[in-house]
Structures are given as C-alpha cells and as structure tokens.
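To start, the structure under review is shown below, and the notes come after it.
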Amino acid sequence: MNYIKRAIIMAAGIGSRLQPLTHITPKPLIQVDGIKMIDSIVSALHENNIHEIIVVIGHLKEQFYEWAKDKPDIRLIENPYYKTANNISSLFVARDFIDDVIILDGDQIIYNKNILHQNFDHSGYSVCWTETDTNEWILTVNENMRVTSYSRRGGKQGWQLFSISRWTKSDGLKLARLIEKEFIEHKQTDIYWDDVPLSHLNIFDLTVYPIKVNDIIEVDTIDELKKLETKL
C-alpha cells in the first residue's frame with residue numbers, strides 16, 4: 001500500500017475559455033457559490049490528511065501570493081513558460097516533487113472529498129464511466145482495470161479521464177525523467193503532460209480509480225459556469 005504525502009495543483013494557465021473573467025482573475029481563484037475552486041481542492045486534501053501542497057502558478061501569479069499568504073502549507077512554484085507552452089511545462093517545473101503524489105488541476109470543484117483518498121495501490125487516474133458521447137479523454141482498461149490505451153478525441157462507453165492522478169515514488173521518478181526528456185530534449189512544449197505517461201504504457205502499469213459523475217465538476221467555459229450557478 002502506498003500513501004499520498006503531497007499534492008501538486010496545476011494553476012498556471014490563462015483559462016482562455018473562461019475569458020473575460022480570467023482577464024482579471026486566475027481561473028482557480030474564480031468563485032462558484034461563494035467558494036474559490038482551488039479552495040474546494042485544498043479543503044478536500046486537508047480532509048484526507050494531505051497537507052504538503054504545491055501550487056504551480058503563472059497567469060496573474062500575484063493573486064496567488066495574496067491568496068496563499070495565510071496558508072503555511074501552500075508552496076508556490078512559478079512556471080515561466082505558461083504563456084508559450086502547454087501544461088507539460090507546469091509539471092516540468094514541479095518534476096522534483098513527483099513522489100507519492102496526487103496531481104490535480106486547479107480549476108475543479110470537489111464535491112466528494114473521499115475521491116482524494118490518501119492510500120492507493122498503483123499509479124493511475126480517477127475516471128468516471130460514460131455511456132454517452134464525450135469530448136473528454138477516454139481510457140480503455142483490461143479485466144484487471146489496467147489502462148491499455150487512451151483517446152484524446154473522446155468517445156462513449158468508456159472511462160472518462162478526470163484531472164486527478166496518483167503516482168508512486170518509483171513511477172514518479174520515471175515520469176519526471178520522461179517529462180524532462182520530452183520538454184527539454186524533444187522540445188515537446190505543446191502537449192499535455194498526461195500525454196507522456198499515457199503514451200508510454202509499456203513503462204507504466206497504470207490503473208483507474210472510479211468515481212461518480214457528481215463527485216467533481218470541471219469548469220471549462222462560461223456556459224458551464226452559468227449552468228452550475230443556476231443549479232446551485
């Protein structure tokens with residue numbers, strides 16, 4: 001059994017699909033029903049006894065420093081590449097901390113704190129089964145719930161990937177080396193960091209951690225934000 005000892009929260013992006021809101025507020029600091037998205041994540045991490053929290057920042061970074069000034073367990077790491085590179089750059093700058101870690105995007109709202117549980121057997125992703133078509137990434141698994149392939153184009157009747165993943169110390173070391181190699185040597189600045197482990201399934205024995213559709217909400221667009229606020 002492995003135990004999560006720290007979290008990395010990706011919060012450097014510009015959040016272009018939530019503009020004009022993100023012209024003045026970083027996406028993870030936008031409030032939904034009076035609660036900042038990133039605060040719902042931090043609260044859920046604390047509930048699961050995860051208190052070493054690294055937040056990778058870039059866009060409007062000064063606001064994160066203000067947000068974190070009374071939070072001693074938050075460590076901020078600046079991503080100088082956030083304007084010109086995809087989120088592989090955020091994990092690149094935090095690569096030294098991929099060690100019994102849970103990695104999350106900062107633009108999510110956690111409704112079921114149990115999905116950030118501290119104990120885990122294998123490295124892998126939180127997923128939700130979908131019968132209907134989705135544009136989100138889909139994972140295919142075998143009878144042992146090990147990931148065998150992935151699709152960036154989405155699909156249906158598959159395991160929809162959510163931006164929550166767990167990494168053992170040994171897998172974290174391998175992932176850090178691959179991230180560094182892709183970003184520095186191969187100049188792969190345009191890809192998502194998840195492309196790296198999911199395109200190297202011969203190296204990683206990844207599993208899935210099923211969750212329910214209402215356990216977590218990912219807010220990507222203004223319309224999604226409006227619909228969510230209407231429901232609340």
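Annotation for segment 8-28: at least one member residue is open to solvent by 50 Å² or more (accessible area, probe 1.4 Å), within 14 Å of Q63 (Cα to Cα) and out of contact with any Gly (no Cβ under 9 Å at 6 or more places or on another chain).
Checking S170, S163 one by one, the residue that is open to solvent by 20 Å² or more (accessible area, probe 1.4 Å) and touching a strand residue (DSSP E or B) at 6+ places or on another chain (Cβ under 9 Å) is S163 and no other. For segment 173-219, a residue qualifies if it is open to solvent by less than 20 Å² (accessible area, probe 1.4 Å) and farther than 30 Å from N112 by Cβ, and exactly one does: F183. Taking segment 1-26 as the range and being out of contact with any strand residue (DSSP E or B) (no Cβ under 8 Å at 6 or more places or on another chain) and of a type outside the set (A, V, I, L, M, F, W, C) as the test, the residues that pass are G13, G15, S16, R17, Q19, P20, T22, H23, T25. The conditions of being in contact (Cβ under 8 Å) with a residue 12 or more places away in the chain, surrounded by fewer than 13 Cβ atoms within 10 Å (Cβ to Cβ) and either over 16 Å from L104 (Cα atoms) or within 18 Å of the chain's Cα centre (by Cα) (or both) are met by T132. Just one residue in the set E131, E143 is modelled with pLDDT under 95 and more than 21 Å from I102 (Cα to Cα); that residue is E131.
The values are calculated or read from the model by the stated rules, or taken from the named source; none is laboratory data. Remember, it's a predicted structure, so these values are computed and weren't measured experimentally. Please note: Cβ atoms are built from the backbone with ideal geometry, for glycine as well, and neighbour counts cover all protein chains shown. To get the accessible areas, we keep the full protein, side chains included, count just its heavy atoms, and leave off ligands, DNA and RNA. Shrake-Rupley method; radii C 1.70, N 1.55, O 1.52, S 1.80 Å.
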